[in-house]
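Take a look at the structure set out below.
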Amino acid sequence: MSVSDELLDVVDADDEVVAVKTRGEIHAAGLMHRAVHILLFNSRGELFLQKRSMGKDEQPGMWDSSAAGHVDSGEDYLHCAKRELDEELGIVVERPLQQLFKLPASLRTGNEHCMVYRYCHDGPLILQPEEIDAGAWIDPAVMDRRVADDDAELTE
């Protein structure tokens, strides 16, 4: 099954499920759906960024949050966040994730309701090559400057 055939929940502005469609159908029609982003920090306070694989269908080669993904149909945000940490970075979650905030679906988020979590981990990391070309630890102050400067190498 290709990624465009994955089943996702279509949701409304209140994040209530209204239908189930494939990822390809949802993206083609611009329908609202769900995603998670996880910000991974180490004990030195550095943030891990991933460089998206050049094989990705959206924003290939761009620097992105530590791990992210679509919430599968019937899955909740937290389970998805744990799954994405395992799939993309090889992290088996042993402590609770900290829920930071939720962004409502908008054009800027790709019509995704995005739940953002924080997790602390010092390694090791096993980067999934289909998803990630590289990774780097970055000082949060440097990251803040890159965002403020609208760094063209960062995902939106």
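Worth pointing out:
- Residues with amide H under 5 Å from that of residue 61, placed H, sequence gap 5 or more: 52, 53, 54, 56
- Hydrodynamic radius (Kirkwood) for region 38-96, which is based on Cα pairs only, to one decimal in Å: 12.5
- Charged neighbours of residue 120, selected by a Cβ distance under 13 Å, balance to 0 (K, R count +1; D, E count -1).
- Surface/4 estimate of mean projected area, convex hull on alpha-carbon atoms of the chain, nm²: 9.0
- Each Lys and Arg Cβ is given +1 and each Asp and Glu Cβ -1; about its Cα centre, region 11-105 then shows a dipole of about 340 debye.
- In straight-distance terms, cross-link reach from residue 51 covers every one of the lysines whose alpha-carbon lies under 24 Å from its own, apart from those fewer than eight places away in the same chain; here that gives 82, 102.
- Charge context of residue 84, other residues only, Cβ under 11 angstrom, K/R +1, D/E -1: -4
- For region 6-18, backbone phi angles converted through the Karplus equation (6.51, -1.76, 1.60; θ = phi - 60°) give residue-by-residue couplings of 4, 8, 10, 7, 8, 10, 9, 4, 8, 6, 9, 5, 10 Hz, Gly and Pro being listed as x.
- Ligands, DNA and RNA left out, the accessible area of the chain computed with a 1.4 Å probe is 52% carbon and sulfur.
- Prolate/oblate/rounded label for region 60-149 (Cα gyration tensor, a/c 1.5): rounded
- Accessible-area value, residue 66, 1.4 Å probe, nucleic acids and ligands omitted, Å²: 0
- Surface accessible to a 1.4 Å probe, per residue, for the residues of the chain, Å²: 55
- Normalised by 2.2 N^0.38 Å, with N the number of residues, the alpha-carbon radius of gyration of region 1-57 equals 1.49.
The values are calculated or read from the model by the stated rules, or taken from the named source; none is laboratory data. All values reported here derive from a predicted model rather than from experimental measurement. Don't worry about glycine lacking a Cβ; one is built from the backbone with ideal geometry, like all the others, and counts go over all protein chains shown. These accessible areas exclude ligands, DNA and RNA; they are computed on the full protein's heavy atoms, side chains included. Shrake-Rupley method; radii C 1.70, N 1.55, O 1.52, S 1.80 Å.
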